[in-house]
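Asks: Would you mind keeping the following structure in view while I ask a few things?
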Amino acid sequence: MKVGLLFSTMNGLISRAIDVEQLAANYSNNCFVSVYENFFSIDEMQDLLKKIEDNSLDAVLLIGESPLAYRNRRSAEHLLERIEDLGINPNKIGFVNLNEQLALVHPGKTVYHFEKAKLMIDAEIMRLKEAEGLEVIPVAPRKTVAVIGATTTGYMAAQQLLRKNYTVHMIEKNEAEASDVTKSEDYLQPLKTFVFNHPNFNLHTDASINELYGYAGDYSLALSVDGSFRLLTIGAVIIADVSNLVLTRELQPLLHIDIDEQGYFRPKNLDTLSVYSSEPGIFLIPREAVGTGYMSAVADSAVLAVIELLDCQELRHKIAISETDTLLCSGCGTCVKTCLFHACKIDPAEKVSIIDAKRCKGCGSCVTACPAGARDLLTYPKQYLFNAVDILSQMQIQDSKILVFLCEGCGYQALDAAALKGVQYPIGVLPLKVRCGGTIDTQLILEAFHRGFDGVVICKCQDGHCSNITGNIDLDRRANLFREVLRSRRIDPDCMRIVDASQTDSNKCIEEILELYQALTTTGGGCNE
Amino acid sequence: MNKITVATDWLQGCSGCHISLLDLHQDLVELLGDIEILSSPFVDTKDIPKVDIALVEGAVGTKGDVKKLKKMREQSKLLVALGTCACFGGISGLRNLYQKQEVIKSCYGQAGDNDPEEIYFSEDVPALLDNVQPVGKIVKVDFQIPGCPPLPGTIKTVLQALIKGEVPVLPQRSLCVECGRQQIELLKPTREFISDSVISFMELEEIDSEKCFLEQGVLCMGLATREGCHARCLKGNVPCRGCMGPPPGAMEQGAKLINSLASVLPAGGLMFMEDVVGTGYRYSMPSSIIPHISSKENESDE
């Protein structure tokens, strides 16, 4: 496999901590390397894409910015799409966050900075090697959209979609006066008349949503309307009633999208991606919308995002979970019990577990819970995680070493946010990104202590905020039992900390890490095996 | 055709695996048509000659075991770890949860902390190693036959394959596949546990012989244990203790059990009712990722 390491100095930011050229030279024997000032300048991006193509690379490692930087900006996401277009599997694109996880948080430019950067890169190269390509299934997008909530912005969005030849299902929980045109305010009457008279408009009042499954472009939405069931097949969902907390609380466990501290649906990025939710096919009309002009503007934004998604021949859905290894699976049922997305079933004749790709979110609960190790997460293969712990443990440092498992959904974002705020932490704190803090395998924690880490911190989402529903609760349950295992090896169970991290409140996470570091330093790393 | 030569021996074990070999009865006679046992606790020769296949029972717990094992490895073309002790360390491996000194003290009662080891150990009583280890951590093992003891039929299958020069294939899923008890609650995706409480199976008023033990609130190791024993305990209405060791897809039995059980049975109940560590690692402590107490703890007394 030919790996390309593409370094960005981020216009010199990273060079303040590491000699990037020297770091790149370290890998030039085994990998293709190239150093840039900034991936996003026109010239450099062109050059970067050309080099990937010319050198027929199989895997690409983008070293410099946080992976969140790509997720939070459409313009940056574009770079990833271009790389995928060149035939690189999405699972073969890796990131090493030298900015937020090194340059910003460890001032200075020492040999330790260099070594840590090297280990972080080695670990990610390991992921690219261990991770198989994701299976990408083509999805023909359905030009049908469900609008949840018969609100003013909901009607505005429906109107725009209808004009663009989309079919609209409006779903309203109440037996709404919504359908009564005459009761509306004057300015809304023409809008509603247009919508109601349109042949492609369907209103479901007194309707509650039972289930939503599938993926962007092809969802199935199970409704019960007036006591009878209906199954809609739709391409995308717009949530128009986002200020309704009661509704939000009902929808969240069905839609599996992130909520914020107050309990409202949280946009992907408040400033840059305010109509996007954490799920690619579900869109939000921001709740701050006041005044008809502004309301129609935000409704239009959501509609534009929907059209941008669905107006194509084919969408690509990536499957993140591996097939069941039938040589190992005994059909014990643990995966069925733990999968709250209802994606696992046991084939009674064969006694093996089968996965419903339409429901699977790739959270990894079943991978951890499977007692036989019959399943693997393609995005973070077990073997990679073990190897990564081994690699990071090689950090040669006198002081304590702490391994921090950073949940994609919370901890990673919290640590990035802290770095941008100017928080610093010791260089012996080594981060490892995982899919969900709640699905950490206790074997991995044992491995970390075995390899010489003095402490382990696991970041998980706060109660009710875990996008994998019970990931965080399961972790607490596991940890309760697992502390006993640590104690039996005479390792102080306090050396394993579980932090309720939140995407916005980064302080808590850092405080816990620093406190553990302090405790380890005063006891002289007594927790170490 | 020359017969395949075989040597067998035991280290720190209970001889049960050898008894299981004898339990082949008439099949053993048939097997002896193809093999010749040159040295074994069963035969007069105790010195290990050059052989094709060596069968080793038991874990490595003393300096004498290490010596014997290395000799067997030198003299054999293929070395087979016979039984759970040899494969994973077995019951006696639970002493790895204590320091050697603590173990000696507990055995010999009066032992003082500063007594030289020679008081207890000699040429005839070989000195204890700091920790019990599975055979595979000392020498290269060509094949493992787990089981406490392995079924006679399994030993025969493996030997027959080796005689033919084939690689033996043993089933490697978890025990649930052989158990066949009915599962209902386990197949429902819910936040709730499948049982309200954890109970010792002795306390069950009535043991439902058709229903999964976990669903009756009884801790059963079956799901984190390798198949191959034909689930005899479960068919006798007793929950699995995990003697076949972990399935090969798991790295270790104890942590994997916790991973699975934590979302199945009430963790609080498990903590109070069961010895989680002793249960999870009963047969495989020495092959855990951390196979013994922290070495710092060990060093501090040396």
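The values are calculated or read from the model by the stated rules, or taken from the named source; none is laboratory data. All values derive from a computational prediction rather than experimental measurement. In this analysis, Cβ positions are derived from the backbone assuming ideal geometry, glycine residues included, and neighbour counts consider all displayed protein chains.
Asks: Being among the hydroxyl-bearing types (Ser, Thr, Tyr) and farther than 20 Å from A:Gly108 by Cα is the filter; apply it to the stretch A:1-46 and report the residue that is surrounded by the most Cβ atoms within 10 Å (Cβ to Cβ).
Replies: Filtering the stretch A:1-46 down to residues among the hydroxyl-bearing types (Ser, Thr, Tyr) leaves A:8-9, A:15, A:27-28, A:34, A:36, A:41.
Remaining after also requiring farther than 20 Å from A:Gly108 by Cα: A:27-28, A:34, A:36, A:41.
On the way: A:Tyr27: 19, A:Ser28: 11, A:Ser34: 17, A:Tyr36: 23, A:Ser41: 12.
For the stretch A:1-46, the residue satisfying everything is A:Tyr36.
Asks: All but one of (1) at pLDDT 90 or above; (2) crowded, with 22+ Cβ neighbours inside 10 Å; (3) among the hydrophobic types (A, V, I, L, M, F, W, C) hold for B:Ile184; which doesn't?
Replies: Looking at each condition in turn, B:Ile184 falls short on (2).
Asks: If you don't mind, there's one more thing I want to ask. Counting residues that are at pLDDT 90 or above and more than 12 Å from chain A (Cβ to nearest Cβ), which helices (runs of 4 or more DSSP H) fully inside the stretch B:194-287 reach at least 1?
Replies: Passing ranges, in order: B:232-235.
Asks: Given the structure, is A:Phe40 modelled with pLDDT of 95 or more and touching a helix residue (DSSP H, G or I) at 6+ places or on another chain (Cβ under 7 Å)?
Replies: Numbers: modelled with pLDDT of 95 or more: no; touching a helix residue (DSSP H, G or I) at 6+ places or on another chain (Cβ under 7 Å): yes.
Answer is no for this residue.
Asks: Between a first residue in the stretch B:184-201 that is in the same structural domain as B:Val264 (by TED's automatic domain parsing) and a second residue that is exposed (fewer than 15 other Cβ atoms within 10 Å of the Cβ), which pairs have beta carbons less than 6 Å apart while being 6 or more apart in sequence or on different chains?
Replies: Final answer for the pair search is B:Pro189/A:His342.
Asks: Look at the stretch A:214-258 and say how many of its residues are surrounded by fewer than 19 Cβ atoms within 10 Å (Cβ to Cβ), touching a residue at least 12 places away in the same chain (Cβ under 8 Å) and assigned to a strand (DSSP E or B).
Replies: Selection size over the stretch A:214-258: 7.
Asks: Kindly provide the set of residues from the stretch B:154-181 that are part of a helix (DSSP H, G or I) and touching a residue at least 24 places away in the same chain (Cβ under 8 Å), ordered by number. Working first, answer last.
Replies: First, pick out the residues of the stretch B:154-181 that are part of a helix (DSSP H, G or I): B:154-163, B:176-179.
Within the stretch B:154-181, B:Thr154, B:Ile155, B:Lys156, B:Val158, B:Leu159, B:Gln160, B:Leu162, B:Ile163, B:Cys176, B:Val177, B:Glu178, B:Cys179 qualify.
Asks: Which of the residues belonging to the stretch A:509-529 are at pLDDT below 80 and either surrounded by 14 or more Cβ atoms within 10 Å (Cβ to Cβ) or under 16 Å from A:Tyr425 (Cα atoms) (or both)?
Replies: A:Thr523, A:Gly525, A:Gly526, A:Cys527, A:Asn528, A:Glu529
Asks: Kindly evaluate B:Lys77 against the criterion of being more than 20 Å from the chain's Cα centre (by Cα), over 23 Å from B:Ile289 (Cα atoms), away from chain A (no Cβ under 14 Å) and at pLDDT 95 or above.
Replies: Working: more than 20 Å from the chain's Cα centre (by Cα): yes; over 23 Å from B:Ile289 (Cα atoms): yes; away from chain A (no Cβ under 14 Å): yes; at pLDDT 95 or above: yes.
So B:Lys77 passes the test.
Asks: For the stretch A:312-354, give me the residue count where each residue is assigned to a strand (DSSP E or B), farther than 18 Å from B:Leu261 by Cβ and in contact with a Cys (Cβ under 6 Å, 6 or more places away or on another chain).
Replies: 2
Asks: Considering the stretch A:259-299 alone, what residues qualify as being assigned to a helix (DSSP H, G or I) and out of contact with any helix residue (DSSP H, G or I) (no Cβ under 6 Å at 6 or more places or on another chain)? Please lay out each step first, then the result.
Replies: Taking the stretch A:259-299 as the starting set, the residues that turn out to be assigned to a helix (DSSP H, G or I) are A:292-299.
Residues satisfying the conditions are A:Thr292, A:Gly293, A:Tyr294, A:Ala297, A:Val298.
Asks: Mind checking which pairs have a first residue in the stretch A:93-109 that is touching a residue at least 60 places away in the same chain (Cβ under 8 Å) and a second that is of a type in the set (Ser, Thr, Tyr), Cβ under 6 Å, 6 or more apart or different chains?
Replies: These pairs meet every condition: A:Asn97/A:Ser66; A:Glu100/A:Ser66; A:Val105/A:Tyr425.
Asks: Quick test for you: out of A:Cys332, A:Cys370, A:Cys339, A:Cys363, pick the one residue that is touching a helix residue (DSSP H, G or I) at 6+ places or on another chain (Cβ under 7 Å), within 22 Å of A:Leu221 (Cβ to Cβ) and facing another protein chain (nearest Cβ under 10 Å). Steps first, answer last, please.
Replies: Working: A:Cys332 fails: within 22 Å of A:Leu221 (Cβ to Cβ); A:Cys370 fails: within 22 Å of A:Leu221 (Cβ to Cβ); A:Cys363 fails: facing another protein chain (nearest Cβ under 10 Å).
Being touching a helix residue (DSSP H, G or I) at 6+ places or on another chain (Cβ under 7 Å), within 22 Å of A:Leu221 (Cβ to Cβ) and facing another protein chain (nearest Cβ under 10 Å) holds for just one of A:Cys332, A:Cys370, A:Cys339, A:Cys363, which is A:Cys339.
Table: residues versus (1) more than 27 Å from B:Gly269 (Cβ to Cβ); (2) surrounded by fewer than 23 Cβ atoms within 10 Å (Cβ to Cβ); (3) in contact (Cβ under 8 Å) with a residue 12 or more places away in the chain; (4) hydrophobic (A, V, I, L, M, F, W, C).
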| residue | (1), (2), (3), (4) |
| --- | --- |
| A:Lys382 | yes, yes, yes, no |
| A:Ala388 | yes, no, yes, yes |
| A:Ile397 | yes, yes, yes, yes |
| A:Leu415 | yes, no, yes, yes |
| A:Gly438 | no, no, yes, no |
| A:Asp441 | no, no, yes, no |
| A:Leu444 | no, no, yes, yes |
| A:Gly464 | no, yes, yes, no |
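Asks: Here is a follow-up. List pairs: first residue in the stretch A:51-66 and touching a residue at least 24 places away in the same chain (Cβ under 8 Å) and not assigned by TED's automatic domain parsing to the domain that holds A:Glu124, second residue surrounded by 23 or more Cβ atoms within 10 Å (Cβ to Cβ) and not β-branched (Val, Ile, Thr) anywhere in the structure, Cβ distance under 9 angstrom, at least six positions apart or on different chains.
Replies: So the pair list comes out empty.
Asks: Here's another thing I want to ask about it. With the condition being among the polar types (S, T, N, Q), I'd like the helices (runs of 4 or more DSSP H) fully within the stretch A:109-213 carrying at least 3 qualifying residues. Explain how you work it out, then say what you get.
Replies: Details: elements: A:111-130, A:152-163, A:189-197.
Once the helices (runs of 4 or more DSSP H) in the stretch A:109-213 are filtered for at least 3 residues that are among the polar types (S, T, N, Q), what remains is A:152-163, A:189-197.
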